[in-house]
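Down below is the structure, laid out as structure tokens.
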Amino acid sequence: QVPLVESGGGWVHSGGSLTLSCVDSGRVFGSYSMAWFRQAPGKARNFVGAIAWRAGTTIYADSVRGRFTVSADSAKNTMYLQMDSLKPEDTAVYYCARKPLMYSESPGAYNVWGRGTQVTVSS
């Protein structure tokens, strides 16, 4: 069973909005953070945003700051990514990930991953 499952991807026109969800079915103890990454075809997996689960603090990549919002519902063990003002360059597979303690912008720091959900933004 995959502990992290993403959903909510799809196709949208430039300027539109989508909300992604990541359900965490794993048993986690202690402090941890969750993050969103994205990967376009032929490119590296890049950091999008993250949240420290207990503190609720968030960080964002410069390319999405002001347009994307990371949030969490601890009762549902679910993290969200609200994406507004979408651009064609936001097209990618979006992954959620989990790591102990504080967030990091490096994908190598995360030890639990989902399988991803495709987001396509047309011009």
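The values are calculated or read from the model by the stated rules, or taken from the named source; none is laboratory data. Because the structure is a prediction, the values reported are computed rather than measured. Using ideal geometry, Cβ is built from the backbone for each residue, glycine included, and neighbour counts are taken over all protein chains shown. Each accessible area value is taken on the protein alone, full model and side chains, heavy atoms only, with ligands, DNA and RNA left out. Shrake-Rupley method; radii C 1.70, N 1.55, O 1.52, S 1.80 Å.
Using Cα pairs under 8 angstrom and six or more residues apart, how large is the relative contact order of the chain, in percent? The partial results should precede the final answer.
Numbers: 307 pairs, mean separation 44.8, N = 123.
Across the chain, relative contact order equals 36 percent.
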Once phi is turned into ³J(HN,Hα) by the Karplus curve 6.51 cos²θ - 1.76 cosθ + 1.60 with θ = phi - 60°, what whole-Hz value does each residue of segment 6-13 show in order, with x for glycine and proline? 8, 7, x, x, x, 10, 8, 6
Output ³J(HN,Hα) for segment 76-84: one whole-Hz value per residue in order, computed from phi by the Karplus curve 6.51 cos²θ - 1.76 cosθ + 1.60 with θ = phi - 60°, and x for Gly and Pro. 9, 6, 10, 10, 10, 10, 7, 10, 10
For segment 13-122, accessible area per residue (1.4 Å probe, heavy atoms of protein chains only), Å²: 49 Å²
Could you tell me what a quarter of the Cα convex hull surface of segment 75-123 works out to, in nm² with one decimal place? 4.7 nm²
With θ set to phi - 60° and the Karplus curve 6.51 cos²θ - 1.76 cosθ + 1.60, what are the ³J(HN,Hα) couplings of segment 42-53 in order, to the nearest whole Hz, using x for Gly and Pro? x, 10, 6, 7, 10, 5, 10, x, 8, 9, 7, 4
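If R0 is 25 Å, what FRET efficiency do you get for Lys76 and Gln1 from their C-beta distance, rounded to 0.05?
Values: r = 18 Å, r/R0 = 0.70.
For Lys76 and Gln1, the calculated efficiency is 0.90.
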Take the solvent-accessible surface of the protein heavy atoms, probe 1.4 Å, and return the percent of it on segment 53-113 that carbon and sulfur atoms account for. 50 percent
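Over all directions, the average projected area of the alpha-carbon convex hull for segment 32-123 comes to how many nm²?
Averaged projected area of segment 32-123's Cα convex hull equals 5.9 nm².
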Principal axis dimensions, largest first and in whole angstrom, of segment 1-85 by Cα: 39, 28, 24
Partners for Lys43 among aspartates and glutamates (Cα-Cα distance below 20 Å; same-chain residues under 8 apart left out): Asp62, Glu89, Asp90, Glu105
Just how much of Trp53 is accessible, in Å², when a 1.4 Å probe is used and the result is rounded to the nearest 10? 40 Å²
What percent of all Cα-Cα pairs in segment 36-76 falls into each 10 Å bin, going from 0 up to the bin containing the maximum distance? 27, 46, 23, 4
Extended-chain gain in nm, criterion 0.36 nm per residue less alpha-carbon gap, Ser14 and Ser31: 2.4 nm
